[in-house]
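The values are calculated or read from the model by the stated rules, or taken from the named source; none is laboratory data. Predicted model, so just to flag it, every value in this text is computed and none were measured. Every residue, glycine among them, receives a Cβ derived from its backbone with ideal geometry; neighbour counts consider all protein chains shown. Side chains are part of the model used for accessible areas, which takes the heavy atoms of the whole protein and leaves out ligands, DNA and RNA. Shrake-Rupley method; radii C 1.70, N 1.55, O 1.52, S 1.80 Å.
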Amino acid sequence: MNKKWLIGGVVGLLVCAAPIHAATEYVRANFFAGNVVVNNQIVAADNELLSYQGSVYAPVRAIAEAMKGYVSYDSTDKTVYIERPTQKAAKSTLHSKKEEGPVTLHLFSEKSEYVSGEPIHIWSRLSNTSDTAVELHHSSALLLYSITDQDGFTYEPLQPFDLVVSEFQPDEEYASTLDPIEFVAYNTFKQRERDPNLDIQAYLKRAVRPATLPPGEYTLTLKSSFRVGADPEDRFRKVQTSIQLTVTEPR
């Protein structure tokens, strides 16, 4: 049976959960007040940083999340995991597209098969393939990804209820990369389906690498909803296209 979970503001909860606790020995070190700056933005202000044997130690969570990473900790092997959106040049081996009037929706994947735990590189774009400028009326989330697994469970984020107007000249496009936080949401609500009384914060505190997909077969779907032009009588168009992925057991 195909089941969907619609979520809105839960992403903030997912990012802020899962603290890390680990200590194996005591050391003599110096603490000092300082800042952590990533891309010219202060991400950890007035923190007590640690200086030990010529190296400065800073809070990994603040730095990782400033770089759009998700942090988890495996107490079994005492490993900190950071999953980040893949930002690299790559050629796609999977591609699907859907044309709707003057625009075309594209969905890409670097590979059709990934090993569980490795970065899953998926990206998309919506482009104006007409010869004239196009005005689109849409929500702030012009491109949304949904995940359906081999059990028929579907994670689908909620479409925001705002309205944005964007003008696309011929050949202009809007691009997006699939963020690992979507995998956190998928894993969390898959667990919630199994246990309706699941404490989400408690689950995220103990979950190891929830920002990755477990082994299995998946359908990744890209969706977009928009109206062309300013005519309120024109319908909102719902467009989507999908690709099939396999995630294998770690080697």
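Some notes on this structure:
- Within the chain: Cβ-based charge dipole about Cα centre, in debye rounded to nearest 20 (Lys, Arg +1; Asp, Glu -1): 620 debye
- Of Leu105, Leu198, Leu136, farthest towards positive along the dipole that unit charges on Lys, Arg, Asp, Glu beta carbons give the chain: Leu198
- Accessible surface of Lys98 - all protein chains present, 1.4 Å probe, nearest 10 Å²: 100 Å²
- 3J(HN,Hα) along the stretch 179-189, derived from phi through the Karplus expression 6.51 cos²θ - 1.76 cosθ + 1.60 where θ = phi - 60°, amounts to 8, x, 4, 5, 6, 4, 5, 4, 4, 5, 7 Hz, with x in place of Gly and Pro.
- Volume per residue for the stretch 161-251 equals 176 cubic angstrom (convex hull of Cα atoms).
- Taking the C-alpha atoms of the stretch 54-178, convex hull volume expressed per residue in Å³: 199 Å³
- Residue of Arg194, Arg28, Arg227 that the Gaussian network model of the chain assigns the largest fluctuation, springs spanning Cα pairs under 10 Å: Arg28
- Rounded to the nearest 0.05, the FRET efficiency derived from the C-beta distance between Glu249 and Asn197 at R0 = 35 Å is 0.70.
- Euclidean distance between Cα centres, the stretch 144-196 to the stretch 78-120, Å: 13 Å
- Normalised per residue, the accessible area of the stretch 30-173 is 55 Å², obtained with a 1.4 Å probe and no contribution from ligands, DNA or RNA.
- Cβ-derived FRET efficiency at R0 41 Å, Val80 paired with Arg237, nearest 0.05: 0.40
- The shape of the chain can be summarised by an equivalent ellipsoid whose semi-axes, obtained from the alpha carbon gyration tensor, come to 37, 23, 18 Å from longest to shortest.
- Calculated P(r) of the stretch 123-206 - Cα pairs past 21 Å, %: 48 percent
- Rounded percent of accessible protein surface that carbon and sulfur make up, the chain, 1.4 Å probe: 48 percent
- Note on the chain: with a GNM built from Cα contacts shorter than 10 Å, the maximum mean-square fluctuation among Leu178, Leu220, Leu198 falls on Leu198.
- Max mean-square fluctuation residue, GNM over the chain, Cα-Cα springs under 10 Å, options Thr76, Thr93, Thr219: Thr76
- Ranking Phe31, Phe226, Ser242 by Cα position along the charge dipole of the chain, where only Lys, Arg, Asp and Glu carry charges on their C-beta atoms, puts Phe31 farthest toward the positive end.
- FRET efficiency, Ala133 to Tyr57 (Cβ-Cβ, R0 51 Å, nearest 0.05): 0.45
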